[in-house]
Amino acid sequence: MARTEYQNKWRKENPAKVVEYRRRYYEKNRKKGRDFSREYYKKNKEAILDRIRKKKYGIEGEKYREMVEAQGGLCIVCQDKMGKNLSVDHCHKNNNIRGIICNNCNLSIGNAKDSPEILRRLANYLENVS
């Protein structure tokens, strides 16, 4: 049996020991691991974010960048230039993607519970109280 086959077999047969070894290694090498993770993220940021978006929203990285470019780099809602904090706006009921918006607008929609009625009342309130 080759070494890797033996190791894989041992890991399958001893999952608790594997968890314990990894926990102890992590505790002893916490800074080293953190530094590695930071460097890896810096070098692979776009690919990592593409994987996250694909998993959460089902959108490919290229499609995401096309949407941002089609919007001219502006948030659909507030029309401000989008910086680093972009959000994939999606319907929480059917998970359909509505667009790419800035983080502030995404938080506003989320705080209004994705309700157009709440957002209209909020707009009326701002217009009538000011």
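Counting only alpha carbon atoms, the long axis of helix 116-129 and the longest principal axis of the chain meet at about 50°. Among LEU74, MET1, PRO15, whose Cα projects farthest towards the positive end of the dipole of the chain, with charges put on the beta-carbon of Lys, Arg (+1) and Asp, Glu (-1)? My answer, from the dipole projection, is MET1. Mean residue ellipticity at 222 nm, helices only, the chain: -21500 deg cm²/dmol; runs of at least 4 DSSP H residues each add -39,500 (n - 2.57), and the sum is divided by the number of residues.
Explain nothing, just the number: dipole magnitude of the stretch 1-57 about its Cα centre with +1 on each Lys and Arg Cβ and -1 on each Asp and Glu Cβ, in debye rounded to the nearest 20.
Magnitude of the dipole: close to 240 debye.
Between helix 30-57 and the chain there is an angle of about 50 degrees, using the helix long axis and the longest principal axis of the Cα atoms.
For the stretch 1-69, dividing the convex hull volume of the Cα atoms by the residue count gives 163 Å³ per residue.
Pairs spanning more than 25 Å between alpha-carbon atoms, out of LYS54/LYS84; LYS45/LYS81; LYS32/LYS63; LYS31/LYS56; LYS55/LYS113: LYS32/LYS63; LYS31/LYS56.
Averaging over every viewing direction, what projected area does the convex hull of the Cα atoms of the chain cover, in nm²?
One quarter of the hull surface, i.e. the mean projection, equals 13.8 nm².
Add +1 for every Lys or Arg and -1 for every Asp or Glu among the other residues with Cβ under 13 Å from the Cβ of ILE59, and state the total.
Summing Lys/Arg as +1 and Asp/Glu as -1 gives +3.
Under the convention that each Lys and Arg Cβ holds +1 and each Asp and Glu Cβ holds -1, the size of the dipole of the chain around its Cα centre is about 1140 debye.
FYI, it's all coordinate maths here, none of it is from the lab. Predicted model only: the values in this text are computed from it and were never measured. Heads up, the Cβs are rebuilt from the backbone with ideal geometry, glycines too, and the neighbour counts pull from every protein chain shown.
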